[in-house]
Amino acid sequence: MLNRLMWTLAQTSQNATGPEAAPAGQQPAGGGASGLMSFLPFLLFMGVLFWLMTRSQRKQQQKVEEMRAGLKRNDRVQTVGGIIGTVVTVSESEVVLKVDETNNVKMRFARSAIGSVLTQETASER
């Protein structure tokens, strides 16, 4: 194995000292730029991947903000903690939910704690 490595190094040094080799102290033409050019597709790929990931995240966040802004009385909602209730009042930063119809239990939540608005179909599944 060591012999093979030495032979490869000898071949490489013979190729570098041939007529196409650069003079001592100078780089061969295009040597510095080729490293950057080979790295460019990777950077481009990472940029596109980052853009796609942040774009989908922004879309999802915008959808959630629209849902929270559209809350109104008598909407059936589920909090991020899993509590299901009916909206009683909505203020700028808080939502009051009625969570138990029989005992008239009401709970106050931050608007950001509302995870989803339940439709008739999803409410009956739960």
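Quick notes
- Cross-chain or 6+ apart pairs with Cβ under 8 Å, region 62-75 first and touching a residue at least 24 places away in the same chain (Cβ under 8 Å) and surrounded by 14 or more Cβ atoms within 10 Å (Cβ to Cβ), then assigned to a helix (DSSP H, G or I) and not aliphatic (A, V, I, L, M): R68/R111; R68/S112; L71/R111
- Residues being without any contact (Cβ under 8 Å) to a residue 24 or more places away in the chain and either closer than 22 Å to Q61 by Cβ or outside any strand (DSSP E or B) (or both) - total across region 83-118: 11
Here is a yes/no grid of residues against (1) aliphatic (A, V, I, L, M); (2) farther than 16 Å from G115 by Cβ; (3) out of contact with any strand residue (DSSP E or B) (no Cβ under 6 Å at 6 or more places or on another chain):
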residue: G47; (1), (2), (3): no, yes, yes
residue: K59; (1), (2), (3): no, yes, yes
residue: K63; (1), (2), (3): no, no, yes
residue: V95; (1), (2), (3): yes, no, no
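- For region 28-48, the condition of being within 30 Å of R111 (Cα to Cα), modelled with pLDDT of 90 or more and part of a helix (DSSP H, G or I) holds for none of the residues.
The values are calculated or read from the model by the stated rules, or taken from the named source; none is laboratory data. Note that this is a predicted model, so its numbers are computed, not measured. Cβ atoms come from the backbone with ideal geometry, glycine included; neighbour counts cover every protein chain shown.
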